[in-house]
1. Is it fair to say ARG228 is outside any loop (DSSP other than H, G, I, E, B), open to solvent by 70 Å² or more (accessible area, probe 1.4 Å) and basic (Lys, Arg)?
2. Residue by residue through region 236-279, note down the ones that are in a loop (DSSP other than H, G, I, E, B) and in contact (Cβ under 8 Å) with a residue 40 or more places away in the chain.
3. Look at LYS6 and say whether it is more than 24 Å from ALA276 (Cα to Cα), basic (Lys, Arg), more than 16 Å from the chain's Cα centre (by Cα) and open to solvent by 20 Å² or more (accessible area, probe 1.4 Å).
4. If you check GLN216, GLN182, GLN194, which single one turns out to be over 22 Å from TRP161 (Cβ atoms), open to solvent by 30 Å² or more (accessible area, probe 1.4 Å) and in contact with a helix residue (DSSP H, G or I) (Cβ under 6 Å, 6 or more places away or on another chain)?
5. Read through the list (1) crowded, with 19+ Cβ neighbours inside 10 Å; (2) more than 17 Å from the chain's Cα centre (by Cα), then give the number of the only condition that GLY58 fails.
6. Examine region 154-163 for a residue that is charged (D, E, K, R) and closer than 15 Å to PRO96 by Cβ, and state whether such a residue exists.
7. For residues in region 71-101 being open to solvent by 40 Å² or more (accessible area, probe 1.4 Å) and among the β-branched types (Val, Ile, Thr), which is modelled with the lowest pLDDT?
Amino acid sequence: MTDIAKSIPLWPNLQPSDESPEYLQDGCYFATSQPYLETFLAPYNPSHGAVIIFPGGGMQALAWEKEGKAIAQWANQTLQIDAFVVHYRLIPNHYPDPQYDARQAIRLVRHNAQRWQLNPQAIGVMGFSIGGHLALQLAIAPDLYPPLEDELIQYDARPNWGILGYPVSTMNSDLAHQPSTQRMFNGLPDKEQQHACDLAQWVSEKTPPLFIFHEQGDPAVSAQQSIRLMQHLQSVNTLNELHLFPGNKHSLGLAESEPGNVRIWPTLAKRWLNSAQFI
């Protein structure tokens, strides 16, 4: 096991916000303005792999307990890889700050790969809801936004694999989850912003394999988003998997206490990772 700090800032030179500091309430973090990685180390990591996790929360919170900590512990114990939960910027910060935080997160892990005894070619992402959008951006269009002066631009920002739970893949008005979209953009996105965030259209042969799960009646993020995304993915990579489960819930996390088959998604995801030899 390597010696990695529990909390690692993404932008050490970022000036503190005048807003209230980040705080934890009811299993969620609020008011994140100083983005950072939270480290969860596996007791044994034979593949030297790692996963970078983006919890959901609609841009007003980070669903840390259910979609951050629990997922990281599952990655440590079941996948036997190290995990990093990204505390990306929330409101009153807006687009494209979270997108830049996501890109810097994976570059920071690769920058430290040798020192942390990680394989830089075995780095995956996991994302849920709006956090799924950030993970998808890295997988599909990591270089969509111009680089920042203090960004680690010499490192590849595209992951080697991705696992996505009920992800936001578009913010176009016909399928968008309006509350998170309005928080992301501090209002409705203009046409150019909608185009940039409609990630399915950017799928290419460079997009790594993705595992996606969604409940068919999800009331917050339409399952049609994942169906449309898969239609684009299947044309470039046969390793992708989409699982549509019966049900009408959002914010499932590991789904351990949920009724029906959705609770098996972690088992299916591990089998997918093993069969593709990602771990």
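The values are calculated or read from the model by the stated rules, or taken from the named source; none is laboratory data. As the structure is a computational prediction, the values presented were derived from the model and not from experiment. Every residue, glycine as well, gets a Cβ built from its backbone with ideal geometry; the counts of neighbours run over all protein chains shown. When the accessible area is computed, the model is the full protein with side chains, heavy atoms only, and any ligands, DNA or RNA have been set aside. Shrake-Rupley method; radii C 1.70, N 1.55, O 1.52, S 1.80 Å.
1. no
2. The answer is HIS250, SER251, LEU252, GLY253, LEU254, ALA276, PHE278, ILE279.
3. Values: more than 24 Å from ALA276 (Cα to Cα): yes; basic (Lys, Arg): yes; more than 16 Å from the chain's Cα centre (by Cα): yes; open to solvent by 20 Å² or more (accessible area, probe 1.4 Å): yes.
For LYS6, the condition - more than 24 Å from ALA276 (Cα to Cα), basic (Lys, Arg), more than 16 Å from the chain's Cα centre (by Cα) and open to solvent by 20 Å² or more (accessible area, probe 1.4 Å) - is met.
4. Answer to the check: GLN216.
5. (2)
6. So in region 154-163, the residues charged (D, E, K, R) come out as 156, 158.
Filter again for closer than 15 Å to PRO96 by Cβ, leaving none.
Taking every residue of region 154-163 in turn, none turns out to be charged (D, E, K, R) and closer than 15 Å to PRO96 by Cβ.
7. In this case the residue turns out to be ILE91.
Rundown of residues vs (1) touching a Pro at 6+ places or on another chain (Cβ under 7 Å); (2) at pLDDT 95 or above; (3) surrounded by 23 or more Cβ atoms within 10 Å (Cβ to Cβ), yes/no style:
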{"position": "ASN112", "(1), (2), (3)": "no, yes, no"}
{"position": "VAL125", "(1), (2), (3)": "yes, yes, yes"}
{"position": "ILE130", "(1), (2), (3)": "no, yes, yes"}
{"position": "LEU134", "(1), (2), (3)": "yes, yes, yes"}
{"position": "LEU138", "(1), (2), (3)": "yes, yes, yes"}
{"position": "ALA141", "(1), (2), (3)": "no, yes, no"}
